[in-house]
Every structure is written in C-alpha cells, then in structure tokens.
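**Q** Got a structure for you, written out below as structure tokens; questions coming shortly.
Coordinate-derived values only; no laboratory data. Predicted model, so just to flag it, every value in this text is computed and none were measured. Glycine gets a Cβ as well: all are built from the backbone with ideal geometry, and neighbour counts include every protein chain shown.
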Amino acid sequence: MAPRPPVRPVVWQPPPRPARARSRTSATPLPPLRLITVGGRGPEDVLVDTDGTVVTGVADGRLLRVHPDTGLVETIADTGGRPLGIELLPDGRLLVCDAKRGLLAVHAGGIEELTAEPMLFCNNAAVGADGTVWFTDTSRRFGIDHWRADIIEHSGTGRLLRRDPDGSVEVVLDGLEFANGVALSAAGDFVLVAETGAYRIRRVWLSGDRAGAEEVFVDNLPGFPDNLSTGPDGLFWVALASPRDPRLDMLAGRPAARRLVWALPEWLTPERRTVWVQALDGSGAVVRDLQGRHPRFHMVTGVRAHAGRLYLGSLTGGAIGIVEGR
C-alpha cells in the first residue's frame, strides 16, 4: 500500500448520537448467519443475478459468481482494479463500479470503460429501466486504499453522477461527505445516495412536481451507511458498516487531533465490529432493524434482499453472509 497521504481536517458539527447507536443488538434478533467463503478478501457488494446466483468482487480484481446453495465459487472476470458496487444493465451485462478504473461494463467479450473522466474512487450505482446509471465518486482527495482519510478529513468532495444511455455524464450532486451507496425507488421517481461521513442519506427527485429537487431523506443514522439496495417489496436496505464512534464525533471540532489519529497505526484505532442492516420505507422510516455479532463476519458494506433471504457483503471479510428467513 502507498504511504499515507496527508489530511487537512475541517471543523464540523455532527448531530447528537442517537440512543440506537449505543446498543449492540436490535430489538428483533439477527437471524443465524450462514457464511460462504469466496477465496478472496473483501467481497464488498453482492448482486443476486437473474438465475439466483450471487456476483461479488474482491480486492485482487476478480469478479466471482457464488452459488448460494452449493457454495461453489467461480471466477468470471478480472477487472485489473478493485471492483466494488455491482449491478445488472438492461442488456444483461454487469455494471461494475471499480474503485480504481471507474465505471465498467463486463460481458463475455471483455470489459468496457463507460466513462472517459478519470475518477479516484468509483463506488456504487443504481440502474434505471432505460439503462441510465446513477453512480458515486466517493472522494476527489483519497482512493480506496486510504478511505479512512476521507472520513477523518470530512472535506466533502464526493459526487453523485448520472450516465445517460447515450454515454453522456453529468454531476447530479457535489460536495457529498464520502458519497457511497445508491438506490432507485421502485417507481423510478427518485434516487437515494448515502453520505457515509455525515451519517445520512440524500434524495433527488427525478420526476413529478419536485423533479430536480434534492433533500435529506434520513438524517442522524446510528451507524455509517454504506451500500444501498431496493428490495422486491420497494423497501430500501441500508448496510451499516459500523456503529457511530463517539470518539470520532468528539474530535469533529478538533482538526489537529484528527491529524494525530490519522497518523496512528490502524491497530490503535480498532473497528467497532458488528453485523447490521436496516430497511427503510419511502418516507425514511425504519421498518426492519437487524443487528448482532458474528465471530467471523463484520463490517457489512453490501446488502440485497432476494427470495426470502438477505445477502451480505463485507469490505474486510473473506466470505459473503446469508440470512435465511428474514
């Protein structure tokens, strides 16, 4: 890994940590978690394909197809970068947000780059029925190898972008705090984007009287929101990678102290390990809340609901998780 870049932390005021952030478990117990080892580190996102298999990407650049009932894992491509968010395009190709190569289309004939503009940290996407892609560029300061620096700096350089079917790309939102997960409503009338560094999710209206308007969809989340996905029932699933850390919030107004934190070895800044996902309705209300602990799985960064199961990805683990009978 390259040497750590310097950070220039800014003063900010986080919202008061909600009571839910202080609990390690949800009121509804997290169902048993079944793990499938994928043979690679960091299956960050999980896509359930049309045939019921799971597609994920790992740190060495490989895209993997996982058969959830047999545990069979197959390599289907290698992006040569770091695949994160994965979606299906209307023509059956895989859309891959590669943190190092940008927005890619992967198919049997090879890999196609879909954007000419270089991005430092392409992260997650959602695809409309007509092939329009909404996707995030997490930071214009730091890449995937130094993602913690963007959280510590809080300089707000993330973006939500739109790629139209004709290939043109426009910035939809700028100045986002660690732009991350993206999800489209079932009706296609709005798109959501997670701001991991600000504990919130924003909404941009795409049609109707408010088309073009943007607003906070849900604020002051109890954890760091990562990838988003839309379930078959229209609910929005949120992967909460970690609970809020009161130490980090306490240092929000102390840039010099945050620079010292960035200089510390990672083992001196331990993760607050948990397995945590929530489902939100169209108004932003929490309708499902599942949190627990597992000795071999944590830092949930991807979540998909499919056929009565929840599929979970992790940036740090070596397996995907499956929650049966959610």
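**Q** Please give me the summed charge of the neighbours of T56: other residues whose Cβ is under 13 Å from its Cβ, Lys and Arg +1, Asp and Glu -1.
**A** Net of charged neighbours comes to -1.
**Q** With a ≥ b ≥ c the root eigenvalues of the C-alpha gyration tensor of segment 188-326, is it rounded (a/c under 1.5), prolate (a/b larger than b/c) or oblate?
**A** Judged from the Cα gyration tensor, segment 188-326 comes out oblate (a/c at least 1.5, b/c at or above a/b).
**Q** Measuring from label point to label point, each 7 Å out along Cα→Cβ, what is the D166 to E215 span in nm?
**A** Placing both labels 7 Å along Cα→Cβ, they lie 3.1 nm apart.
**Q** While we're on this one: Run the quick spin-label model on D49 and L89: label points 7 Å from Cα toward the beta carbon, then report their separation in nm to one decimal.
**A** That separation, rounded to one decimal, is 1.6 nm.
**Q** Measuring from centroid to centroid over Cα atoms, what is the spacing of segment 106-163 and segment 196-267 in Å?
**A** One Cα centre to the other: 16 Å.
**Q** Moving on to the next point. Going by a ≥ b ≥ c, the root eigenvalues of the Cα gyration tensor, does the chain fall in the rounded group (a/c under 1.5), the prolate group (a/b larger than b/c) or the oblate group?
**A** Because its axes are fairly even, with a/c under 1.5, the chain counts as rounded.
**Q** May I ask you to sort L120, L161, L84, L264 by Cβ crowding, counting other Cβ atoms within 10 Å and putting the fewest first?
**A** The most exposed by this proxy come first: L264, L120, L161, L84.
**Q** Ok, one more. Starting from the amide H of R101, placed 1.01 Å from N in the peptide plane, find each other amide H under 5 Å away whose residue is 5 or more places distant or on another chain.
**A** Excluding prolines and chain starts, which carry no amide H, the hits are R82.
**Q** With a 10 Å Cβ neighbour count serving as the proxy for reagent exposure, in which order, fewest first, do I36, I86 appear?
**A** Lowest count first: I36, I86.
**Q** When the chain is fully extended, how far beyond the present Cα-Cα distance does L260 get from V10, taking 0.36 nm per residue of separation?
**A** Between L260 and V10, full extension yields an extra 88.6 nm.
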